[in-house]
Amino acid sequence: MMIYAAVALSLAAGPGWTDDPSGERTLWAWTATQGMEAWAANGDIADITEQGGTVRFRTTGGDPILNLRSRFAVPATPWQAIELRLKSDRSGFFEIFWTDTDEGEYDGFSQARSLRIGVSGDGALRTYRAFPFWQNVGRIIKLRVDPFGGAKFELESIRIVETPTPEAATMTAGVLQIPVRTLSLQGVDGVPVPSGIRLRQRTPDGYGLAAVSTVDAFSMPYVTVKLTSTRVTRASLVFLTDRRNGLLEMPFAVQADGQPHLYNLDALSYPDWDGRILAMGIRPGSKEGGEIVLHGLSVGAAPQGPPDVRITSFDAAEALPRVGGTVRLIARITNVGGTKASNLAVAFTVNPKSGARILRSEPKRPSSLLFGQEEDIVCTASFPRAGTYSVTARVVLPGGRTVSRTCRLTITPRPSVARTGYPPPPVPARGKIDVGVYYYPGWRTAGQWAPIARFPERRPVLGWYREGDPSVADWHIKWAVEHGITFFAYDWYWSDGGRSLEHALHDGFLKSRYRKELKFCLLWANHNPPNTSSKADLQAVCRYWIEQYFHQPEYYTIDGKPVVIIFSTHRFRSDMGSQAVREAFDDMRAECRKAGLPGLYLIACVGGDATEPATAAAEGYDAVTAYNWPGLGLKGGEREAPFADLLTPYAKEWQRTIDSGPLPLMTPILAGWDSRPWHGDTALVRSGRTPANFRKHLEDARQFIQTHPDRTLPVALIEAWNELGEGSYIEPHREYGFGWLDAIRSVFVGNSPHVDLTPADVGHRPPQVDVQAVTTGRWDLSRDGAGWDSGMNLAGFRVVEGGLQARSTGHDPAFFSPPMQFSAAGARRIRLRMKLTATDGSRRDDIAQVFWTTPTSAASEAASVRFPVHIDGEWHDYAVDVGDHVRWRGLISGLRFDPCNRSGIVVVLARMALEP
């Protein structure tokens with residue numbers, strides 16, 4: 001966020017210490033009746049007046065600021081709140097910044113010392129309170145208030161309040177038990193019940209919190225929660241630490257079956273679990289109205305409770321099984337209990353009257369499962385005819401307790417077509433409105449597919465395909481054009497000259513048989529590091545586009561000009577300034593004309609800021625669109641809301657976008673949002689997406705385009721074909737088959753009969769990736785990649801004599817291992833052999849870094865080890881000690897290896913091994 005020099009206005013702040021009967025004390029306050037003498041507003045705040053006991057103003061730009069010019073001194077504690085009383089004509093978020101210093105780029109203010117307060121746009125005067133949990137700052141000396149743009153406000157008061165300190169829970173027998181009925185509740189209603197307390201979330205970001213004593217994060221790494229839920233599927237542990245500001249959150253999935261369950265949370269899997277824990281509590285859901293019964297909350301050195309085996313998923317391995325073949329079904333089981341689960345028995349059953357039969361299962365009896373360990377049990381079944389069947393998986397634990405899960409699958413008739421062994425030629429269907437779809441090129445290795453495999457309903461009809469194969473591209477082309485899709489907008493990556501993830505376009509689409517049937521363009525995914533954009537860089541990227549893409553007959557154009565969509569207009573603006581951006585675009589268009597093209601059609605992704613469409617016009621873009629707006633219509637801190645509730649806000653955002661600037665809109669459409677594969681239980685989830693409500697979204701877009709022909713392009717742009725990790729995908733898949741594509745065809749082409757074919761129908765098997773987790777922890781990379789892949793800032797990834805080779809193109813290059821299931825106790829060091837050679841011939845030392853992930857945590861600095869390496873063109877053996885690292889524990893599910901910390905280095909990695 002930009003911080004501008006303030007324009008002085010008059011405003012007086014009134015510091016003071018007052019008490020009230022509730023035990024709260026006002027430590028500092030300002031009210032509108034005190035006038036406007038000690039604040040300063042920047043140019044994005046206008047029409048400031050005092051009237052009726054409030055300060056009235058409106059925000060006109062994208063970064064409005066009210067900066068408190070006077071100083072005060074408030075000793076910071078965890079139990080202080082910031083309170084605002086105001087009204088607004090539009091919903092959004094205020095940002096409140098605080099600091100203990102005047103030093104720094106922005107006079108001491110930073111994003112790390114800020115909080116967001118959700119404000120309602122209902123025009124009612126309301127009190128908003130939030131706890132900054134700024135306890136490790138020391139003292140607070142000044143504030144800054146950033147309203148959101150494009151709204152009118154009436155501000156009555158701002159104050160800092162000290163609330164009573166809760167009584168701290170204490171340790172008993174090595175376990176700290178928190179009396180759940182003593183939680184201090186904020187935005188949550190609590191009613192005591194015999195087994196604990198019933199908690200109902202009144203606001204999306206509500207929580208209950210209790211002070212604790214003598215909890216060292218590293219020696220007390222397991223939190224155990226016991227609760228009952230009938231509707232809530234996600235709750236959160238919340239906590240405070242002396243190492244960080246803010247209320248920290250550890251979400252976890254909840255079983256909504258009305259039965260009490262124990263949840264053991266491996267807190268060290270979360271980087272924020274650090275230092276001394278000051279308070280702990282619970283957020284009873286992820287949206288308003290969430291309700292649970294909390295029976296217990298404790299923290300200790302080990303997980304608690306008996307073995308607790310659960311079936312986390314059970315579904316068919318084939319996305320669209322046909323009549324006449326066998327079907328594999330996979331049940332994934334895990335132990336979430338505090339002790340090892342042994343002597344388990346698994347059985348699969350079907351209704352014998354249906355004619356279905358279970359043929360076999362593997363393994364017959366699973367191995368013992370430690371806490372957090374998983375195992376897949378596979379059964380093979382046959383189904384005699386088309387129809388819907390139910391198959392039940394049961395796990396029997398010692399003592400007779402049974403856990404079960406049922407899979408319902410539909411067996412469809414097999415079309416009578418020739419078994420050609422390759423995708424048949426497409427039969428295109430066209431409408432009057434062009435339909436584009438974003439394409440994410442991230443699916444060629446086991447490590448990329450592994451997070452999706454945990455959500456079997458997302459399994460593509462093509463299986464876990466190896467992207468970049470022309471036959472995969474030909475299936476995609478066939479299915480797209482047969483359902484009215486005009487072009488793919490490939491996510492395309494260039495950062496300071498380095499490119500990545502080109503395989504789907506270069507090796508797949510451009511080498512496919514049917515490429516002439518589908519157009520393509522680029523979405524430059526320029527979410528790059530700061531200071532990587534320049535006029536020279538934009539000129540270089542434009543020349544590359546001209547050489548590689550713009551003269552291809554399939555390249556999508558508007559008015560004959562090749563189309564490029566820019567993901568982050570902010571990146572250019574921040575690095576170069578708006579005027580330089582416009583000049584760079586002029587140079588790029590001139591370069592295109594020099595190459596015999598009519599010009600270049602640049603489209604800006606916008607959203608969230610009412611000023612962006614006008615800014616995009618000033619910077620020289622030709623049109624505006626968006627990648628996605630999944631957060632529209634959310635209340636406060638909601639992390640879960642129905643997809644259907646997104647449709648009306650999307651239509652309003654289309655209207656607001658064309659009203660906010662002169663450029664035409666390429667109307668963006670969202671196919672869904674549920675990013676749990678990428679972000680785990682912290683993800684935003686738009687639940688309940690179906691082909692029916694997606695079709696309504698498409699119909700809204702078609703009507704909007706037709707009723708605004710002068711303000712929109714005759715193009716609908718959908719996110720996305722295969723953003724499977726984000727939960728925005730229309731590619732044929734296990735849950736809804738061709739339902740999403742059929743909705744597109746119905747809305748934009750019509751309901752004419754057609755047949756949707758799959759690879760199995762024609763005897764074709766697209767190349768597949770093995771997503772099974774490896775357990776050896778040892779890789780010889782001198783012969784093949786062994787499932788390893790390159791990530792960001794590595795180009796030219798390939799297997800050469802001696803190992804995996806790639807060239808670093810940035811300061812954070814990374815290799816990724818295949819999915820793993822390896823006990824950290826079995827290894828104390830990582831050994832590797834590697835050669836680093838600088839392309840400029842220089843010799844120097846550098847730093848490499850190994851990260852690891854667990855089933856519940858992503859890669860983070862907290863779970864990593866750095867070590868020195870030599871850039872000298874010679875082979876070196878390195879031993880990296882990890883056994884004493886406090887976060888090297890439990891099950892290791894993956895490795896990330898950053899071989900160096902600079903660009904222009906040729907890396908050859910020969911082997912990697914986890915050793916005792």
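The values are calculated or read from the model by the stated rules, or taken from the named source; none is laboratory data. Just so it is clear, the structure is predicted and the values come from calculations on it, not from any experiment. Using ideal geometry, Cβ is built from the backbone for each residue, glycine included, and neighbour counts are taken over all protein chains shown.
Can you tell me how many residues within segment 701-758 are charged (D, E, K, R) and touching an Asp or Glu at 6+ places or on another chain (Cβ under 6 Å)?
Residues meeting the conditions: 2.
Being modelled with pLDDT of 95 or more and in contact with a Pro (Cβ under 8 Å, 6 or more places away or on another chain) is the requirement here; does Ala773 meet it?
In short, no.
Given the conditions (1) buried (at least 22 other Cβ atoms within 10 Å of the Cβ); (2) closer than 19 Å to Trp654 by Cβ; (3) β-branched (Val, Ile, Thr), report the number of the one that Val563 does not fulfil.
Condition (2) is where Val563 drops out.
Failed condition for Pro899, given (1) touching a residue at least 24 places away in the same chain (Cβ under 8 Å); (2) surrounded by fewer than 16 Cβ atoms within 10 Å (Cβ to Cβ), with all others met?
(2)
Name the residue, out of Glu699, Glu731, that is out of contact with any strand residue (DSSP E or B) (no Cβ under 7 Å at 6 or more places or on another chain), modelled with pLDDT of 95 or more and either part of a loop (DSSP other than H, G, I, E, B) or surrounded by fewer than 22 Cβ atoms within 10 Å (Cβ to Cβ) (or both).
Exactly one of Glu699, Glu731 is out of contact with any strand residue (DSSP E or B) (no Cβ under 7 Å at 6 or more places or on another chain), modelled with pLDDT of 95 or more and either part of a loop (DSSP other than H, G, I, E, B) or surrounded by fewer than 22 Cβ atoms within 10 Å (Cβ to Cβ) (or both), namely Glu699.
Mind counting the residues in segment 190-201 that are surrounded by fewer than 14 Cβ atoms within 10 Å (Cβ to Cβ) and in contact with a strand residue (DSSP E or B) (Cβ under 9 Å, 6 or more places away or on another chain)?
The total comes to 3.
Residues are listed down the side, and each one gets a yes or a no for (1) buried (at least 20 other Cβ atoms within 10 Å of the Cβ); (2) at pLDDT 95 or above:
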site: Ser88; (1), (2): yes, yes
site: Ser91; (1), (2): no, no
site: Asp102; (1), (2): no, no
site: Phe109; (1), (2): yes, no
site: Gly121; (1), (2): no, no
site: Tyr128; (1), (2): no, no
site: Asn136; (1), (2): no, no
site: Val145; (1), (2): yes, yes
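Can you tell me which residues in segment 160-177 are crowded, with 16+ Cβ neighbours inside 10 Å and among the β-branched types (Val, Ile, Thr)?
Ile160, Val161, Thr163
Can you find a residue that is modelled with pLDDT under 90, of a type in the set (Gly, Ala, Ser) and not assigned by TED's automatic domain parsing to the domain that holds Leu240 anywhere in segment 65-74?
So far as segment 65-74 goes, yes, one or more of its residues are modelled with pLDDT under 90, of a type in the set (Gly, Ala, Ser) and not assigned by TED's automatic domain parsing to the domain that holds Leu240.
Tell me yes or no: at least one residue of segment 516-525 is touching a residue at least 60 places away in the same chain (Cβ under 8 Å) and basic (Lys, Arg).
Within segment 516-525 (the criterion being touching a residue at least 60 places away in the same chain (Cβ under 8 Å) and basic (Lys, Arg)), the answer is no, since none of the residues qualifies.
I'd like to check which strands (runs of 3 or more DSSP E) are fully inside segment 103-157 and have at least 3 residues that are in contact with a helix residue (DSSP H, G or I) (Cβ under 8 Å, 6 or more places away or on another chain) and assigned by TED's automatic domain parsing to the domain that holds Trp79.
Answer list for segment 103-157: none.
One line per residue, one yes/no per condition, for (1) of a type in the set (A, V, I, L, M); (2) in contact with a Pro (Cβ under 8 Å, 6 or more places away or on another chain); (3) at pLDDT 90 or above:
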position	(1), (2), (3)
Asn335	no, yes, yes
Ser342	no, yes, yes
Phe348	no, no, yes
Ile358	yes, no, yes
Glu374	no, yes, no
Ala381	yes, no, yes
Gly400	no, no, no
Arg408	no, no, yes
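Residues in segment 436-455: is at least one under 30 Å from Ser752 (Cα atoms) and in contact with a helix residue (DSSP H, G or I) (Cβ under 6 Å, 6 or more places away or on another chain)?
Looking for residues that are under 30 Å from Ser752 (Cα atoms) and in contact with a helix residue (DSSP H, G or I) (Cβ under 6 Å, 6 or more places away or on another chain), one finds none in segment 436-455, hence no.
Just one of (1) touching a Phe, Trp or Tyr at 6+ places or on another chain (Cβ under 6 Å); (2) in the same structural domain as Gly737 (by TED's automatic domain parsing) trips up Pro423, so point out which.
Evaluating Pro423 over (1) touching a Phe, Trp or Tyr at 6+ places or on another chain (Cβ under 6 Å); (2) in the same structural domain as Gly737 (by TED's automatic domain parsing) leaves (2) as the failure.
Only residues that are outside any strand (DSSP E or B), closer than 22 Å to Arg408 by Cα and either of a type in the set (Gly, Ala, Ser) or touching a Ser or Thr at 6+ places or on another chain (Cβ under 9 Å) (or both): list them for segment 336-363, please.
Correct list: Asn351, Ser354, Gly355, Ala356.
Regarding Pro251, is this residue farther than 24 Å from Val74 by Cβ, touching a helix residue (DSSP H, G or I) at 6+ places or on another chain (Cβ under 6 Å) and either among the aromatic types (Phe, Trp, Tyr) or not assigned by TED's automatic domain parsing to the domain that holds Pro642 (or both)?
Judged against the criteria, Pro251 is a match.
Would you check if there is a residue in segment 482-503 being in contact with a helix residue (DSSP H, G or I) (Cβ under 7 Å, 6 or more places away or on another chain), touching a residue at least 24 places away in the same chain (Cβ under 8 Å) and either part of a helix (DSSP H, G or I) or not assigned by TED's automatic domain parsing to the domain that holds Ser752 (or both)?
Within segment 482-503 (the criterion being in contact with a helix residue (DSSP H, G or I) (Cβ under 7 Å, 6 or more places away or on another chain), touching a residue at least 24 places away in the same chain (Cβ under 8 Å) and either part of a helix (DSSP H, G or I) or not assigned by TED's automatic domain parsing to the domain that holds Ser752 (or both)), the answer is no, since none of the residues qualifies.
Does Asp812 count as loosely packed, with under 15 Cβ neighbours inside 10 Å and not in a strand (DSSP E or B)? Don't jump to the end; show me each part of the working.
On the way: loosely packed, with under 15 Cβ neighbours inside 10 Å: no; not in a strand (DSSP E or B): yes.
Criteria not met by Asp812.
Which condition breaks for Ala641 when tested against (1) closer than 24 Å to Arg702 by Cβ; (2) crowded, with 21+ Cβ neighbours inside 10 Å?
The single condition Ala641 does not satisfy is (1).
I'd like to verify a number: residues in segment 442-480 that are of a type in the set (S, T, N, Q) and part of a helix (DSSP H, G or I), how many? First the steps, then the outcome.
So the first thing to find is which residues in segment 442-480 are of a type in the set (S, T, N, Q), and the list is 445, 448, 471.
Among the residues that remain, those that are also part of a helix (DSSP H, G or I) are: 448, 471.
Total satisfying the criteria: 2.
Counting only residues that are crowded, with 18+ Cβ neighbours inside 10 Å and not aromatic (Phe, Trp, Tyr), which one in segment 529-553 is nearest to the chain's Cα centre (by Cα)?
Ser533
Name the residue, out of Gly208, Gly289, that is of a type in the set (Gly, Ala, Ser), within 18 Å of Pro78 (Cβ to Cβ), touching a Lys or Arg at 6+ places or on another chain (Cβ under 9 Å) and not assigned by TED's automatic domain parsing to the domain that holds Thr853.
Going through Gly208, Gly289 in turn, just one is of a type in the set (Gly, Ala, Ser), within 18 Å of Pro78 (Cβ to Cβ), touching a Lys or Arg at 6+ places or on another chain (Cβ under 9 Å) and not assigned by TED's automatic domain parsing to the domain that holds Thr853: Gly208.
Tally up the residues in segment 383-403 that are under 15 Å from Thr326 (Cβ atoms) and buried (at least 16 other Cβ atoms within 10 Å of the Cβ), please.
Matching residues across segment 383-403 total 3.
Does Pro423 satisfy the criteria of being touching a residue at least 24 places away in the same chain (Cβ under 8 Å), in a loop (DSSP other than H, G, I, E, B) and closer than 20 Å to Glu517 by Cα?
In short, yes.
Is it the case, given these coordinates, that Gly826 is surrounded by fewer than 19 Cβ atoms within 10 Å (Cβ to Cβ) and in contact (Cβ under 8 Å) with a residue 40 or more places away in the chain? Explain how you work it out, then say what you get.
On the way: surrounded by fewer than 19 Cβ atoms within 10 Å (Cβ to Cβ): yes; in contact (Cβ under 8 Å) with a residue 40 or more places away in the chain: yes.
Yes.
What number of residues within segment 706-728 are under 16 Å from Gln655 (Cβ atoms) and either crowded, with 23+ Cβ neighbours inside 10 Å or among the hydroxyl-bearing types (Ser, Thr, Tyr) (or both)?
4
So, in segment 54-78, exactly how many residues are among the hydrophobic types (A, V, I, L, M, F, W, C), assigned to a strand (DSSP E or B) and under 30 Å from Met280 (Cβ atoms)?
Adding up the residues that qualify gives 1.
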